[in-house]
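Single-structure report; data block below.
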Amino acid sequence: MSSTRPTSLVLDIPGEDLGAHLLDRAYIEELATHLGAELATELLADGMIAVSDRLARLAANQDASLQEVARMAHDLTGAGGQIGLHALCAAARRLEHLALSQRVAELPGAMGQVLSLGTASIDALGLRLAGDH
């Protein structure tokens with residue numbers, strides 16, 4: 001599961017960038033401040049892999065039991081939160097709640113939202129780490 005890691009963390013992205021609503025920039029900047037840019041970048045890159053793996057697991061198991069969907073959503077919330085993917089976390093928390101509440105009719109839409117936001121969030125964070133705006 002190797003990947004190339006970006007070498008720097010960009011901290012000065014303009015306010016209206018693509019990932020503004022997907023990423024918790026203050027949290028990401030705080031990581032860089034407390035850990036240093038290099039270590040924060042490594043943590044975020046590793047987190048992107050973890051989130052991507054969890055998204056793939058969710059996508060491959062859309063017919064899982066409600067308990068398993070809730071567990072996957074919970075795991076995704078934690079993994080996304082560790083790297084500042086706040087929009088994804090909110091959607092994953094909602095999916096977990098729907099599964100635990102047995103609101104089966106709402107699950108496909110919520111799951112689709114989680115998968116879409118997950119992909120967009122990973123892309124936005126990848127751009128941020130690469131230094132693109």
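Out of all the residues in segment 121-129, is one or more part of a helix (DSSP H, G or I), open to solvent by 50 Å² or more (accessible area, probe 1.4 Å) and among the hydrophobic types (A, V, I, L, M, F, W, C)? Lay out the reasoning, then the answer.
So in segment 121-129, the residues part of a helix (DSSP H, G or I) come out as 121-129.
Now restrict to residues that are open to solvent by 50 Å² or more (accessible area, probe 1.4 Å): 123, 127.
Remaining after also requiring among the hydrophobic types (A, V, I, L, M, F, W, C): 127.
Yes, that holds for at least one residue.
Listed by first and then second residue, the pairs with beta-carbon distance under 7 Å, at least 6 apart or on different chains, first residue in segment 26-52 and farther than 24 Å from Asp75 by Cβ, second part of a helix (DSSP H, G or I), are Ala32/Ala40. Looking across Ala91, Ala79, Ala56, Ala60, one residue alone is at pLDDT 95 or above and touching a Lys or Arg at 6+ places or on another chain (Cβ under 9 Å). It is Ala79.
Please go through segment 83-106 and give me each residue that is of a type outside the set (D, E, K, R) and within 14 Å of Gly118 (Cα to Cα), ordered by number.
Start the filter on segment 83-106 by keeping residues that are of a type outside the set (D, E, K, R), which leaves 83-92, 95, 97-102, 104-105.
Matches in segment 83-106: Ile83, Gly84, Leu85, His86, Ala87, Leu88, Cys89, Ala90, Ala91, Ala92, Leu95.
Only one of Arg94, Arg57, Arg71, Arg103 is open to solvent by 60 Å² or more (accessible area, probe 1.4 Å), under 19 Å from His21 (Cα atoms) and charged (D, E, K, R); which?
Unique residue meeting the criteria: Arg94.
The values are calculated or read from the model by the stated rules, or taken from the named source; none is laboratory data. Here the structure is a predicted model, which means the values were calculated and not measured. Because the Cβ atoms are built from the backbone with ideal geometry, glycine has one as well, and the counts that use them run over all protein chains shown. Just the protein is used for accessible areas: all its heavy atoms, side chains included, with ligands, DNA and RNA removed. Shrake-Rupley method; radii C 1.70, N 1.55, O 1.52, S 1.80 Å.
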